[in-house]
1. Return yes or no: is Lys106 assigned by TED's automatic domain parsing to the domain that holds Gln87 and within 30 Å of Ile24 (Cβ to Cβ)?
2. Looking only at segment 218-238, count every residue that is in contact with a helix residue (DSSP H, G or I) (Cβ under 9 Å, 6 or more places away or on another chain), outside any helix (DSSP H, G or I), surrounded by fewer than 22 Cβ atoms within 10 Å (Cβ to Cβ) and not acidic (Asp, Glu) and tell me the total.
3. Among what's in segment 101-127 and is surrounded by fewer than 17 Cβ atoms within 10 Å (Cβ to Cβ) and touching a Phe, Trp or Tyr at 6+ places or on another chain (Cβ under 7 Å), pick the residue that is nearest to Met1 (Cα to Cα).
4. Within segment 109-190, which strands (runs of 3 or more DSSP E) (wholly inside it) include 1 or more residues that are farther than 19 Å from Phe232 by Cα?
5. Among Ala10, Ala34, which is surrounded by fewer than 20 Cβ atoms within 10 Å (Cβ to Cβ), of a type outside the set (Asp, Glu) and outside the structural domain of Leu213 (by TED's automatic domain parsing)?
6. Please identify the pairs in which a residue from segment 149-169 that is closer than 20 Å to Gln45 by Cβ has its Cβ atom under 7 Å from the Cβ atom of a residue that is among the charged types (D, E, K, R), counting only partners at least 6 apart or on another chain.
7. Could you tell me how many of the residues in segment 49-90 are modelled with pLDDT of 95 or more, among the basic types (Lys, Arg) and either part of a helix (DSSP H, G or I) or closer than 14 Å to Ser26 by Cα (or both)?
8. Output the residues belonging to segment 149-183 that are of a type in the set (Phe, Trp, Tyr) and over 23 Å from Ile120 (Cβ atoms).
Amino acid sequence: MRYFELICTAYIKRDIGFRESFEILSKYISFSMAQDELLLELHKQNRFKHYTFSNLYPPQRDKIYHRGQNYTLTIRSLNEQFIDTLQETLRANINNPYLQIVITKKKIVKQFFISELYSITPVISTIDDNKFWTKEQDGDIIKLYNQLHNNLDRKYQEFYSEKLDSSENFIQLLSVKNRKPQNIWSTKNGKSFRFFGNKFSIVPREDEASQKLAFIALACGLGEKNSFGGGFCLGKGI
C-alpha cells in the first residue's frame, strides 16, 4: 500500500479568516477537479472520493491567513492519477479571488507501522438521525469506535475491491483532545451550515488489518466529510 501527496505552496490574495478557510480550500480543489473530465465525474459521484486535505499551515494566532503571504497546503490520495492531474489543474486555477497555488511537490509514501494517529482537522462522524457524534450529544465511545472503523473499512473495500479480515476494531486507544466540538463551516445556496467534529489521538492495534485501516486514515481521511476538510491526520510510527 502507498498514498500520494501534494505539498502545495499557496499565495494568499486577500485575507482569509479561519472559519471560511475550509470552504475556500474545498472549493478551490473542487474547481480544479472540474477542469479534468475524469476528475469532474468523480466529483459528481455520490461515493468516497479517497482524498483528504489539510488546512493552511502555519496556523495564525489571530486566526487570519494574511494577504501577500505564502502558506502550505497538503493534499493526499490513494489514487496517483488523481494527484498527477490535480498537480497541473491546481496551478492553472489562476482566477480564484482568495489564493493561488504556485508550487506543488509530489511525494510517495509507502505503508509504515503506525503507532499513533493525530487528527489536525476535525473528525466528523454522524450517528442516529444525522446528528454528529460529540461527547455532549451522544458520548457512546463504542459507537464512535465502530463508526470510525466501519468508515475506513468501506473506503478500503471500495478502493481495493477486496475485503479486510478484521475481527476487531482497529482502535486500541482513543483520546478526545478538544473540550468543545470543533466546526467546519460551508455554504450551499446562500445558506451557511456547519459540521461538528472532534480532534482525536488514536493508538491503532498492531495486527495487519488494523495497520492497513490506520494507513487509509492517513491516505484519505478519518471519518466523514473529507472533501470539506474533515479528518486530515498525521501519523507517528516507524
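The values are calculated or read from the model by the stated rules, or taken from the named source; none is laboratory data. Source: prediction; values computed, not measured. Counting neighbours? That spans all protein chains shown, and the Cβs are built from the backbone with ideal geometry, glycine included.
1. Details: assigned by TED's automatic domain parsing to the domain that holds Gln87: yes; within 30 Å of Ile24 (Cβ to Cβ): yes.
Yes.
2. First pass over segment 218-238, keeping only residues in contact with a helix residue (DSSP H, G or I) (Cβ under 9 Å, 6 or more places away or on another chain): 219-224, 226-235, 237.
If we keep only those that are outside any helix (DSSP H, G or I) too, we end up with 221-224, 229-235, 237.
Of the ones still in play, those that are also surrounded by fewer than 22 Cβ atoms within 10 Å (Cβ to Cβ) are 224, 234-235, 237.
From what's left, not acidic (Asp, Glu): 234-235, 237.
Result for segment 218-238: 3.
3. The qualifying residue nearest to Met1 (Cα to Cα) is Gln111.
4. Numbers: elements: 114-119, 171-176, 182-188.
Those strands (runs of 3 or more DSSP E) span 171-176, 182-188.
5. Details: Ala10 fails: surrounded by fewer than 20 Cβ atoms within 10 Å (Cβ to Cβ).
Criteria check complete, one pass: Ala34.
6. Asn151/Glu224; Tyr156/Lys212; Gln157/Lys163; Glu158/Arg47
7. 1
8. Going residue by residue through segment 149-183, those that are of a type in the set (Phe, Trp, Tyr) are 156, 159-160, 170.
Result: Tyr160, single match.
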